[in-house]
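Peer 1: Provided herewith is a single structure, encoded as structure tokens, for subsequent inquiry.
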Amino acid sequence: MAQIGLASVLITADIKGFNKALGDAEREFRRTMGNIANFSRTVGAGMAALGTGILGAVAGVTKAASDFEDAFTGVRKTVDATEAEFGILQENLLEMSTRIPQSAADLARIMEVAGQLGIRGTDNLTKFTETIAMLQDTTDILGEQGALSLARFMNIMGTATGDVDRLGSTLVELGNNFAAREGEILEIGMNLAAFGRQIGLTETQVLALATTIAASGGEAAAASTAFQKIGLAMKASVLGETESARESLEKFAKIAGMSAGQFASLFRRDAMGALTAFLQGLANMEAQGKDTAGALEQLGLADQRLIREVSKVTGNMDDLRSATETAARGFRENTALAEEAEKRYRTLSSQIKLAWNEFKRLAIV
């Protein structure tokens, strides 16, 4: 009986120990599960935020790819090229977007305009697009209208397509050195282009005259009409063989301070030089108090608007000579646009755009 009692006591003790151990295990289990739950909530929130960011980035890249595809469809509509050439143009646009803080889609829209204007060849299309994009970033020459104006100016003047970057540098050089905005210079230059081509002016000479007109407060339409009349009358007097032409030549030459033969020779060799000499002669007459309006009337140039616009330039002859030299240098050196763009692209906002464009390029590819 004593043994039975002892066994009962031992069993009861084992059961109590087991229950205690079981209780301890249950509490530990609950604590562990609580920690796991807390960890899950914390990580879940972080992963949700990360997931949202990833999804946003993916959505942005997807939209960028879609926008670029849509924009490049416009290039395909206006550009006559092979599939291999279209592939090169796509690569060029994507690469360009990593150097110029504009989206590949926006660059493609510029290229579409270039195609509409008849520009051909992958190199020419790429250079035109890059030049317009940099002008948009550094001057007031903006959007499709800027591209149209520059392309039409080149068409009228007969500028080689590959020289578009030189014209861009010329515009920036003039805008940086004179009281005229690049957009104004291009607008007036567009109006003067036909007359300039007719009398033998170069692109830089036309832009120099446009700069002087803008810096002098001239009106684009009125000034272009005035100088067109003067230029064509001058050309007719030099090339004409009638008595009337010879008389006009004498009058032009007298105002310019030279003989008829000297003036005709200068005009044939350097039309801008002859025009400048004539305008300087008018400026000298004004300084001496002489009747410039009467002198112009004798040449059949008595229009009051013409006299007003010409007077603005004759009062600013130093700018005309300086602008002529500056424009020629800008075209020859071809550095002003790239240097101006480089300054703009160093800014933090530009660098962020470029980095994002690089990410989109890689994702699109």
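Peer 1: Calculate the FRET efficiency for THR242 and ALA221 from the Cβ-Cβ distance with a Förster distance of 25 Å, rounded to the nearest 0.05.
Peer 2: The formula returns an efficiency of 0.20 here.
Peer 1: Next question. For segment 118-169, what's the radius of gyration and Dmax over Cα atoms, in angstrom?
Peer 2: Expressed in Å, the Cα Rg and Dmax of segment 118-169 come to 10.1, 27.
Peer 1: Let me know the Rg and Dmax you get for segment 206-365 when you use only its Cα atoms, in Å.
Peer 2: Computed over the Cα atoms of segment 206-365, radius of gyration and Dmax are 22.2, 74 Å.
Peer 1: In units of 2.2 N^0.38 Å, what is the alpha-carbon radius of gyration of segment 73-128?
Peer 2: My calculation over the Cα atoms of segment 73-128 gives 0.99.
Peer 1: Would you compute, for the Cα atoms of segment 276-365, the largest minus smallest coordinate along each principal axis and list the three values in descending order, in whole Å?
Peer 2: Sorted largest first, the three principal extents are 70, 24, 21 Å.
Peer 1: Considering only protein heavy atoms, what is the solvent-accessible area of LEU209 at a probe of 1.4 Å, reported in Å² to the nearest 10?
Peer 2: Per-residue accessible area (LEU209): approximately 0 Å².
Peer 1: Cα-Cα over 26 Å: which of LYS251/LYS312; LYS127/LYS312; LYS77/LYS360?
Peer 2: Check vs 26 Å cut-off fails for LYS127/LYS312.
Peer 1: How big is Rg to Rh over segment 253-326, alpha-carbon atoms, Rh as the Kirkwood inverse-mean-distance radius?
Peer 2: Looking at segment 253-326, the ratio lands at 0.96.
Peer 1: What does a probe at ALA84 reach in segment 110-124, counting residues whose amide N is under 11 Å from the point 7 Å along Cα→Cβ?
Peer 2: Of the residues in segment 110-124, none has backbone N under 11 Å from the label point off ALA84.
Peer 1: Kirkwood Rh, Cα Rg: Rg to Rh for segment 104-243?
Peer 2: Here the Rg-to-Rh quotient is 1.02.
Peer 1: How are the C-alpha pair distances of segment 205-300 spread across 5 Å bins, as whole percents from the shortest bin up?
Peer 2: 2, 13, 23, 26, 21, 12, 3, 0
Peer 1: Per residue, how big is the convex hull of segment 64-104 when only Cα atoms are used? Give it in Å³.
Peer 2: Each residue corresponds to 66 Å³ of Cα convex hull volume.
Peer 1: Let me ask you something else. Grab every C-alpha pair in segment 178-252, bin the distances at 10 angstrom width from 0 up to the longest one, and report whole percents.
Peer 2: Reading upward from the zero bin: 21, 44, 25, 9, 1.
Peer 1: Would you work out the Kirkwood radius for segment 321-365? I mean one over the mean of 1/r across all pairs of different Cα atoms, in Å.
Peer 2: 12.9
Peer 1: Quick one: Debye curve from the C-alpha atoms of segment 160-221, no solvent, what's log10 I(q)/I(0) at q = 0.25 Å⁻¹?
Peer 2: Debye output, listed in q order: -1.04.
Peer 1: Taking the solvent-accessible surface of protein heavy atoms with a 1.4 Å probe, what is the per residue accessible area of segment 158-298 in Å²?
Peer 2: Value for segment 158-298: 40 Å² per residue.
Peer 1: For SER237, what charge total do you get from the other residues with a beta carbon under 10 Å from its beta carbon, if Lys and Arg give +1 and Asp and Glu give -1?
Peer 2: Summing Lys/Arg as +1 and Asp/Glu as -1 gives +1.
The values are calculated or read from the model by the stated rules, or taken from the named source; none is laboratory data. What you see is a predicted model; the values in this text were computed from it and never measured. Using ideal geometry, Cβ is built from the backbone for each residue, glycine included, and neighbour counts are taken over all protein chains shown. The protein model used for the area step is the full one, side chains on, heavy atoms only, and it has no ligands, DNA or RNA in it. Shrake-Rupley method; radii C 1.70, N 1.55, O 1.52, S 1.80 Å.
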